[in-house]
Amino acid sequence: MRRPVALRLRAALATTALAAATGAVVAMPSASAAVTGSATGYASQNGGTTGGAGGQTVRATTGTAIHAALCGRASASTPITIEVEGTINHANTDKVSGASCNTAAGVIELKQISNVTIVGVGSGAVFDQLGIHIRQSSNIIIQNVTVKNVKKSGSPISNGGDAIGMETDVRNIWVDHASLEASGGESAGFDGLFDMKDNTQYVTLSYSTLRNSGRGGLIGSSETELSNNYITFHHNLYENIDSRAPLLRGGTAHIYNNYYVKLNESGINSRAGAHARVDNNYFKDSKDVLGTFYTSAAGYWQVAGNIFDNVTWSSPGTDNNPAGPDVKSTATVSIPYSFSLDAAGCVPDIVSQTAGANKGLKVSNGNCTPQTPSPNPTTPTATPTATPTTPTSSPTQPSGTNLSIGAGADGSSKASGTSYGNVKDGNLSTFWSPAGSTGSVSVKWSSPTAVASIIIREAAGSAGSIGSWRVLNGDTGAVLTSGSGAGAIAVPRTSLSKITFEITSSTGTPKIAEFETYAG
């Protein structure tokens with residue numbers, strides 16, 4: 001929806017004035033994002049990760065300016081690319097308020113938002129003693145930045161001591177060509193470099209360096225917090241890390257073509273039922289680089305093509321199950337996306353040439369040769385669990401009866417004044433909206449019902465608001481299909497008691513007037 005010219009002019013003038021006060025330099029809106037390359041690994045699934053592609057591009061030289069750029073958007077899901085140059089620290093990072101943001105001083109707060117890219121440009125972007133916190137957010141890209149010396153104790157403190165931390169219903173995050181650094185372990189006030197907690201899924205960390213920390217990162221905060229899943233780590237350097245490279249509690253991780261040097265106590269720690277696929281990595285001068293450690297809650301792994309160079313192994317015990325010295329697979333871990341493996345023997349060289357900030361954003365071509373990827377991703381990679389459809393704005397009516405009429409309904413994130421039941425009453429003048437830019441609504445039956453297609457109809461005046469989505473089997477949580485935009489959607493014919501339409505990004509306020517379901 002286009003705003004009137006006068007409103008857009010006033011908004012532009014207000015943003016310019018705010019930029020002058022906070023250190024942001026506003027550029028003209030661009031149809032393409034400044035980010036280079038496309039999301040890989042699990043971040044390419046679940047509808048893909050495109051960040052702020054297609055939105056306005058602005059320049060920020062302070063943390064306050066980053067927050068101001070988020071708060072200056074039309075909505076919390078309006079796409080934006082924030083080019084960052086210079087040092088971001090406590091002195092220049094204040095809270096900024098607005099309807100499209102939820103920020104805090106002393107941390108870069110990406111909270112309850114979506115469709116954002118933060119990319120270092122020019123002489124580089126350094127987040128000095130200041131962490132990046134992603135919470136209740138989706139479709140975020142962070143590229144070409146350095147985050148260092150973030151503390152949870154001492155002074156100053158930021159982000160619980162995590163360089164980059166994700167928690168509480170986070171989806172589709174791609175962190176690429178980042179340099180994450182500490183200057184010691186927990187006793188020195190530092191925590192994890194790359195942590196994921198409380199239902200964080202579809203994340204990729206690629207071409208990054210993690211150095212000089214007691215803890216590389218974790219997936220899951222406890223043995224019972226197992227909601228985190230689908231994480232990819234590839235072409236990263238872990239150097240002088242005591243443990244957690246990473247620690248995986250539950251879920252599935254794909255770990256390939258990483259270079260591990262000086263893992264002092266333990267490395268990949270798969271536990272509490274986790275499954276790790278570990279392909280073509282190079283481990284050097286390290287101890288206990290793979291296994292289940294510090295717990296009796298076993299995890300599992302599939303291994304192939306790895307090189308263990310001067311790696312030592314401890315003896316097995318009640319709370320210690322190293323994978324070596326005779327490293328063998330204990331499970332089969334399937335990966336749903338395509339990927340190219342560099343030979344493990346060249347991993348030290350290719351990672352040293354490509355990983356970290358200010359390396360020219362170079363990547364491997366899969367044959368151990370660095371190259372510069374094409375800029376400006378526009379099309380996300382579809383989730384492989386089903387073939388996504390491209391709905392039309394005027395869907396064709398499937399054959400048969402609308403099974404939603406007379407069924408039940410529930411969901412999540414209901415906006416005030418709306419009802420789940422409005423989506424299955426046959427009345428286009430009533431609707432359900434999420435409380436923010438994302439949320440889900442379900443149709444359910446008292447007994448299994450065969451469904452092969454659905455129609456999502458938006459309320460009058462809100463057409464085009466729905467961005468990316470997933471259709472889930474509400475009984476099992478399996479993804480039936482994914483895509484973007486409202487309309488007719490084919491799903492694999494499935495007998496189920498509950499089917500869920502989950503909005504993962506939107507523009508403006510999505511309003512679903514009808515969630516129709518059909519057997520044919």
Just name one of S187, G220, P434: the one whose Cα is farthest towards the positive end of the charge dipole of the chain (beta-carbon charges, Lys/Arg +1, Asp/Glu -1). P434
In cubic angstrom, how much convex hull volume per residue do the alpha carbon atoms of segment 105-248 span? 98 Å³
Tell me, rounded to the nearest percent, the portion of alpha carbon pairs in segment 458-497 spaced more than 14 Å apart. 52 percent
Give me the Kirkwood hydrodynamic radius of segment 240-295, using the inverse of the mean 1/r over all pairs of distinct Cα atoms, in Å to one decimal. 11.1 Å
With the crude spin-label approximation of a point 7 Å out along Cα→Cβ, what separation in nm comes out for Q371 versus D198? 4.2 nm
So what is Rg over Rh here for segment 423-492, counting just Cα atoms and using Kirkwood for Rh? 0.94
Determine the gain in length on full extension of the stretch K95-D475; use 0.36 nm per residue of separation and subtract their C-alpha separation, reporting nm with one decimal. 132.7 nm
With the alpha-carbon atoms as the only input, what is the per residue convex hull volume for segment 38-99 in Å³? 113 Å³
per DSSP, antiparallel bridges as share of beta bridges in the chain, % nearest 5, sits at 35 percent
How high is the relative contact order of the chain? Use alpha-carbon pairs under 8 Å, at least six apart in sequence, and give a whole percent. 11 percent
Interchain or long-range residues, amide H under 5 Å from N365's placed H: Q371
Any chance you could run the full-extension gain for D309 through T401? It's 0.36 nm times the residue separation minus the Cα-Cα distance, nm to one decimal. 26.7 nm
In nm, give the distance between the simple-model label positions of A435 and A104, each being 7 Å from the Cα along the Cα-to-Cβ direction. 1.8 nm
With the other protein chains left in place, how much accessible area per residue, in square angstrom, belongs to segment 94-219 at a 1.4 angstrom probe? 26 Å²
Overall form of segment 115-164 per C-alpha gyration tensor (a/c, 1.5; a/b vs b/c): oblate
Stretchable slack from S495 to T318, in nm (0.36 nm times residue separation minus alpha-carbon distance): 59.4 nm
What FRET efficiency, computed as 1/(1 + (r/R0)^6) with R0 = 30 Å and r the Cβ-Cβ distance, is obtained for C346 and L226, rounded to the nearest 0.05? 0.25
In whole angstrom, largest first, the equivalent ellipsoid semi-axes that the Cα gyration tensor gives for the chain are 38, 30, 19
Which three extents, in angstrom, do the Cα atoms of segment 31-153 have along their principal axes, listed largest first? 37, 30, 27
About its Cα centre, what dipole magnitude does the chain give when the only charges are +1 on Lys and Arg Cβ and -1 on Asp and Glu Cβ, stated in debye to the nearest 20? 1180 debye
Expressed in angstrom and ordered largest first, the alpha-carbon extents of segment 162-243 along the principal axes are 30, 26, 15
For segment 152-193, which semi-axes, largest first and in whole Å, follow from the square roots of 5 times the eigenvalues of its Cα gyration tensor? 22, 13, 7
Expected-Rg normalisation [2.2 N^0.38 Å, Cα atoms] applied to segment 83-174: 1.02
Normalised radius of gyration for segment 231-354, please: alpha carbon Rg relative to 2.2 N^0.38 Å, two decimal places. 0.96
Of the listed links K111/K424; K111/K148; K95/K151; K95/K414; K287/K362, those spanning more than 23 angstrom between alpha carbons are K111/K424; K95/K414; K287/K362
Let me make sure I get this right: for segment 164-317, a, b and c are the square roots of the gyration tensor eigenvalues over alpha carbons, sorted descending. Under 1.5 in a/c it's rounded, otherwise prolate if a/b > b/c, else oblate. Which is it? rounded
Sorted largest first, the Cα spans of segment 466-520 on the principal axes come out in Å as 34, 20, 15
Probe radius 1.4 Å, ligands and nucleic acids ignored: give me the carbon and sulfur share of the accessible area of the chain as a rounded percent. 50 percent
Segment 467-515 accessible area per residue, 1.4 Å probe, protein heavy atoms, integer Å², reads 29 Å²
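The values are calculated or read from the model by the stated rules, or taken from the named source; none is laboratory data. Everything quoted here is computed from the prediction, not taken from an experiment. Backbone-built Cβ (ideal geometry, glycine too); neighbour counts: all protein chains shown. Areas reflect the complete protein model, heavy atoms only, side chains present, ligands, DNA and RNA absent. Shrake-Rupley method; radii C 1.70, N 1.55, O 1.52, S 1.80 Å.
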